[in-house]
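Notes follow the structure.
The values are calculated or read from the model by the stated rules, or taken from the named source; none is laboratory data. Please read all numbers here as calculations on a predicted model, not as lab measurements. In this analysis, Cβ positions are derived from the backbone assuming ideal geometry, glycine residues included, and neighbour counts consider all displayed protein chains.
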Amino acid sequence: MTDLLTSLIVGDINLITGFMLLLIAIFSSVVGGAIGGMMLAGKEFGYQFSAMLGGLLGPAGVIPVVILGLVLLKVIIN
């Protein structure tokens, strides 16, 4: 566990830290999508329904970009 935290702090991107960064990005995109859905369509469709749709559709645009970013960082670092 100490090695994982050290690798994350230093910025060393390997398989485990890449998965951890991907999970953090997915979680934050779900939360951001839910908040955005509530702000955009909360009054029209109901806050729970729009938060659910925002949480489901939020990561659709984030996950490919995060994977591409992690691959580019790995190439640039090496």
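Of all the criteria given as (1) farther than 26 Å from residue 2 by Cα; (2) within 13 Å of the chain's Cα centre (by Cα); (3) not basic (Lys, Arg), the one not satisfied by residue 40 is (2).
Each row is one residue, and each column tells you yes or no for (1) under 14 Å from the mean Cα position of the chain (by Cα); (2) surrounded by 13 or more Cβ atoms within 10 Å (Cβ to Cβ); (3) of a type outside the set (Val, Ile, Thr); (4) modelled with pLDDT of 90 or more.
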| residue | (1), (2), (3), (4) |
| --- | --- |
| 3 | no, no, yes, no |
| 9 | no, no, no, no |
| 15 | no, no, yes, no |
| 21 | yes, yes, yes, no |
| 32 | yes, yes, yes, yes |
| 53 | no, yes, yes, yes |
| 70 | yes, yes, yes, no |
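In the set (1) loosely packed, with under 14 Cβ neighbours inside 10 Å; (2) closer than 23 Å to residue 8 by Cβ; (3) at pLDDT 90 or above, the condition left unmet by residue 44 is number (2). Taking the conditions (1) touching a helix residue (DSSP H, G or I) at 6+ places or on another chain (Cβ under 8 Å); (2) on the phi > 0 side of the Ramachandran plot in turn, residue 37 satisfies each one other than (2). Residue check: is residue 30 of a type in the set (Val, Ile, Thr) and under 21 Å from residue 77 (Cα atoms)? No.
The residue that is farthest from residue 15 (Cα to Cα), among those in region 57-77 that are among the hydrophobic types (A, V, I, L, M, F, W, C) and without any contact (Cβ under 8 Å) to a residue 24 or more places away in the chain, is 60.
Looking only at helices (runs of 4 or more DSSP H) that fall completely inside the chain, which ones have 1 or more residues that are basic (Lys, Arg)? Walk me through how you get there before you give the answer.
Values: elements: 2-10, 15-45, 47-57, 59-77.
Hits in the chain: 15-45, 59-77.
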